[in-house]
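Asks: Here you go, one structure.
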C-alpha cells in the first residue's frame, strides 16, 4: 500500500527543519548547519539524531541519496527530497500556517504575543 503525504503528518520540529534544509541537495554536516541557521539556533542536532532521522526519512521514501552532480571523489552522502517529500513538506507548512491563522484572534484576545505566552 502506497502512503500519502498526509500519512506522515504531523512532523517533529527537527524533521520539518531537515526537510526544509533539503530545499537543495546537501550532505549531513551541511544539513546540521543549515537547520541551526534557518531555525535561528532553536534547533541544533548532533550526528546521531540527524543520521537516525535521515535513515528513517530515506526508508519512508521522503528523501533519497543522490548521485547527481557530485564529485566522484567526495565520499559524503548527499540527500534530496523526493516528490513525496516535497508534498509532505508543503502539507506540513499548510497545516502549521492554519494552526497559526486559526489561533490569531484568540491570542490577540488574550493580550497578543507581548506577554511572552
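The values are calculated or read from the model by the stated rules, or taken from the named source; none is laboratory data. In this text, all values refer to a predicted model and were calculated from it rather than measured experimentally. Reconstructed Cβ throughout: ideal geometry from the backbone, glycine too, with neighbour counts over all protein chains shown.
Residues checked against (1) surrounded by fewer than 14 Cβ atoms within 10 Å (Cβ to Cβ); (2) under 13 Å from the mean Cα position of the chain (by Cα); (3) within 22 Å of residue 93 (Cβ to Cβ):
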position: 27; (1), (2), (3): no, no, no
position: 31; (1), (2), (3): no, yes, yes
position: 36; (1), (2), (3): no, yes, yes
position: 39; (1), (2), (3): no, yes, yes
position: 52; (1), (2), (3): yes, no, no
position: 56; (1), (2), (3): yes, yes, yes
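Asks: Take the residues of the stretch 76-92 that are at pLDDT 90 or above and surrounded by fewer than 14 Cβ atoms within 10 Å (Cβ to Cβ): which is farthest from residue 56 (Cα to Cα)? Quick ask: steps written out before the conclusion?
Replies: Filtering the stretch 76-92 down to residues at pLDDT 90 or above leaves 77-92.
Next, from what is left, pick out any that are surrounded by fewer than 14 Cβ atoms within 10 Å (Cβ to Cβ): 83, 90.
Values: 83: 16, 90: 19 Å.
Among them, the one singled out is 90.
Asks: Looking at (1) more than 13 Å from the chain's Cα centre (by Cα); (2) at pLDDT 95 or above; (3) closer than 27 Å to residue 99 by Cβ, which is the one condition that is false for residue 15?
Replies: (1)
Asks: Return a yes/no flag: does the stretch 58-71 have any residue that is within 13 Å of the chain's Cα centre (by Cα) and surrounded by fewer than 13 Cβ atoms within 10 Å (Cβ to Cβ).
Replies: Within the stretch 58-71 (the criterion being within 13 Å of the chain's Cα centre (by Cα) and surrounded by fewer than 13 Cβ atoms within 10 Å (Cβ to Cβ)), the answer is no, since none of the residues qualifies.
Asks: Can you report the number of residues in the stretch 21-47 which are within 21 Å of residue 75 (Cβ to Cβ) and part of a helix (DSSP H, G or I)? Walk me through it before giving the result.
Replies: If we filter the stretch 21-47 for residues that are within 21 Å of residue 75 (Cβ to Cβ), which is where we start, we get 21-22, 24-34, 46-47.
Pick out the ones that are also part of a helix (DSSP H, G or I) and you get 21, 28-34, 47.
Residues that pass the stated criteria total 9.
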